[in-house]
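The values are calculated or read from the model by the stated rules, or taken from the named source; none is laboratory data. The model shown is predicted, which means the values in this text are computed figures rather than measured ones. Note: ideal-geometry Cβ built from the backbone for every residue, glycine included; neighbour counts use all protein chains shown.
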Amino acid sequence: MDAYLGSLPGHGVENVRRPLINTMNLADLLPTSTIWTGSDGAPCPMYPPLAPALMHCVTHGATPFRLNLHVRDLGHTFMFGPTGAGKSTHLGIIAAQLRRYAGMSIFAFDKGMSMYPLAAAIRAQTGGSSGKHFTVAADDERLAFCPLQFLETKGDRAWAMEWIDTILALNGLDTSAAQRNEIGNAILSLHSSGGRTLSEFSVTIQDEAIRDAIRQYTVDGAMGHLLDAEEDGLSLSDFTVFEIEELMNLGEKYALPVLLYLFRRIERALHGQPAVIILDEAWLMLGHPAFRAKIREWLKVLRKANCLVLMATQSLSDAVNSGILDVIVESTATKVFLPNIYARDEDTAALYRRMGLNARQIEILATAIPKRQYYYVSENGRRLYDLALGPLALAFVGAADKESVATIKHLEAKFGHGWVNEWLQGRGLNLSEYGVAA
């Protein structure tokens, strides 16, 4: 019997021969697979040496998961999730964590004031030098722009011509070659004379059709208070948020010129330092050819400028119908999907499959916990993870409701940069308990 049992796998006691095996044979028998936990350092070679991972999350069994957006030097990321699944909270904590990298510049286009608490906290921390927040086109916002202020170089003048041409196209005027030449001459004349406002451009241009279309963007029209300033009121910081909900409500004819100018200012602020452009509710910007062209351009060229683009949307169908889905899929190194109980539905599942997900991954999204779990996909691996945020983090990235924002504004007005302590005390928190000086 012992001889028989000794011939069976796993019966070492009865195996009287007990042949010796070397360590290579032993290694073949040992289980060597484990849960993928991400890279412990930032993969981007253009980041500072020994830069840590973006943030630490948890995955199955409370196993640590190190979240990075970059795959090598490409960090463009696409985040999709239905309303109420935790998208704004995740964007907020990513923006906060990005500040751990020296020299990082963050530019966020927000909708719904979700990043206001974080921006206000950074403003308090830095004494107002960072954390700038602009509610573009709001009734109580005094911000005004001078889009033609930069005309020194040929590139500046070419951008100004293209910007004017876009305004005319939005107003139904397809410019002829002769009209474009006249626009160029007017821009050059402004540069020579030191002019910089749209009103001065309107006076300089001789074409009546162009002048009539431009008039509504001057002080004589509806948008003059925003686009016809003599001095530009926009100053960027290393953390700048643009709240664009009010702006987008104006319609593309008025919103698009403003956004294109903001994009231009951001591009001028990129000098090779680590940077990120966050586009929350990107579906608002995928509906117009000019927006799509700009996003397509960014995805292709900003990698070389050490800048990543993080797009988030609650409407995957808008991305699919935008005409640049292939560019989004190919140019975004990382995709982050939020839980969606309707992921199994035929039409929704088809959209996910176009984004590269298989049946098992779609099932994971359908059963994941909203506002808690997120699904990471890149060529490095795939992982369902939990942000595991505590009450201190949620006080700044999870407090975007109107009541909380109003409370923070009131505390800012009353206590200045000391509002943070008052805000946390109202939530039963104290910075000293976290090892931070109050």
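The condition of being within 20 Å of the chain's Cα centre (by Cα) and among the aliphatic types (A, V, I, L, M) holds for only one of LEU389, LEU351, that being LEU389. Quick check on my filter: what residues within region 328-364 are within 26 Å of SER39 (Cβ to Cβ), in a helix (DSSP H, G or I), of a type outside the set (Ser, Thr, Tyr) and at pLDDT below 95? Within region 328-364, ILE328, VAL329, GLU330 meet the criteria. When restricted to residues that are buried (at least 17 other Cβ atoms within 10 Å of the Cβ) and either touching a strand residue (DSSP E or B) at 6+ places or on another chain (Cβ under 8 Å) or farther than 15 Å from GLU252 by Cβ (or both), region 162-172 contains 2. Taking the numbered list (1) part of a helix (DSSP H, G or I); (2) more than 28 Å from GLY172 (Cα to Cα) in turn, LYS294 passes all entries but (2). Of all residues in region 151-188 being among the acidic types (Asp, Glu) and in a helix (DSSP H, G or I), which is nearest to ILE205 (Cα to Cα)? It comes out as GLU182. With respect to the conditions (1) farther than 30 Å from VAL241 by Cβ; (2) surrounded by 20 or more Cβ atoms within 10 Å (Cβ to Cβ); (3) among the hydroxyl-bearing types (Ser, Thr, Tyr), THR197 falls short on a single one, namely (1). Considering LEU188, LEU170, the condition of being under 24 Å from PHE242 (Cα atoms) and not assigned by TED's automatic domain parsing to the domain that holds ARG264 is satisfied by LEU170 alone.
Taken together, the criteria exclude HIS225 from residues that are farther than 19 Å from HIS76 by Cβ, surrounded by fewer than 22 Cβ atoms within 10 Å (Cβ to Cβ) and in contact with a Leu (Cβ under 7 Å, 6 or more places away or on another chain).
For (1) surrounded by fewer than 19 Cβ atoms within 10 Å (Cβ to Cβ); (2) among the aliphatic types (A, V, I, L, M); (3) modelled with pLDDT of 95 or more, each residue gets a yes or a no:
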site	(1), (2), (3)
ALA53	no, yes, yes
HIS70	no, no, yes
ASP73	yes, no, no
HIS90	no, no, yes
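Is region 111-119 home to any residue that is part of a loop (DSSP other than H, G, I, E, B), within 30 Å of GLY381 (Cα to Cα) and touching a residue at least 40 places away in the same chain (Cβ under 8 Å)? Yes, that holds for at least one residue. Can you tell me which residue in region 305-317 is surrounded by the most Cβ atoms within 10 Å (Cβ to Cβ), limited to those that are in contact with a Gly (Cβ under 7 Å, 6 or more places away or on another chain) and outside any loop (DSSP other than H, G, I, E, B)? If we take residues in region 305-317 being in contact with a Gly (Cβ under 7 Å, 6 or more places away or on another chain) and outside any loop (DSSP other than H, G, I, E, B), then LEU308 is surrounded by the most Cβ atoms within 10 Å (Cβ to Cβ). In region 259-307, how many residues are in contact (Cβ under 8 Å) with a residue 40 or more places away in the chain, at negative phi and among the acidic types (Asp, Glu)? Qualifying residue count for the region: 1. Residues in region 206-222 that are in a loop (DSSP other than H, G, I, E, B) and crowded, with 21+ Cβ neighbours inside 10 Å: 1 in all. Is it fair to say PHE134 is more than 18 Å from the chain's Cα centre (by Cα), surrounded by 15 or more Cβ atoms within 10 Å (Cβ to Cβ) and in a strand (DSSP E or B)? Answer is no for this residue.
For region 348-401, filtering for residues that are more than 25 Å from MET115 (Cβ to Cβ), of a type in the set (Val, Ile, Thr) and surrounded by 16 or more Cβ atoms within 10 Å (Cβ to Cβ) leaves 3. Taken as a whole, the condition of being crowded, with 22+ Cβ neighbours inside 10 Å and within 16 Å of the chain's Cα centre (by Cα) applies to ALA119. At least 3 residues being under 29 Å from LEU389 (Cβ atoms) is the threshold, and among the helices (runs of 4 or more DSSP H) wholly inside region 1-105 those reaching it are 87-98. Residues of region 262-278 being crowded, with 21+ Cβ neighbours inside 10 Å and part of a helix (DSSP H, G or I), which ones? If the condition is that a residue be crowded, with 21+ Cβ neighbours inside 10 Å and part of a helix (DSSP H, G or I), then LEU262 is the only one that fits.
When each of PHE150, PHE80 is tested for being more than 18 Å from GLU243 (Cα to Cα), under 22 Å from the mean Cα position of the chain (by Cα) and aromatic (Phe, Trp, Tyr), the lone residue that passes is PHE80. When GLU200, GLU246, GLU230 are checked against the criterion of being closer than 12 Å to CYS146 by Cα, among the acidic types (Asp, Glu) and in a helix (DSSP H, G or I), a single residue qualifies: GLU200.
Screening THR63 against (1) free of Cβ contacts under 8 Å to residues at least 60 places away in the same chain; (2) buried (at least 23 other Cβ atoms within 10 Å of the Cβ); (3) of a type in the set (Ser, Thr, Tyr) leaves a single unmet condition, (2).
Taking the numbered list (1) in the same structural domain as GLU267 (by TED's automatic domain parsing); (2) in contact (Cβ under 8 Å) with a residue 24 or more places away in the chain; (3) farther than 20 Å from GLY272 by Cα in turn, SER39 passes all entries but (1). Here THR175 qualifies as among the hydroxyl-bearing types (Ser, Thr, Tyr) and in contact (Cβ under 8 Å) with a residue 24 or more places away in the chain.
When VAL258, VAL241 are checked against the criterion of being crowded, with 19+ Cβ neighbours inside 10 Å, under 25 Å from SER331 (Cα atoms) and β-branched (Val, Ile, Thr), VAL241 stands alone in meeting it.
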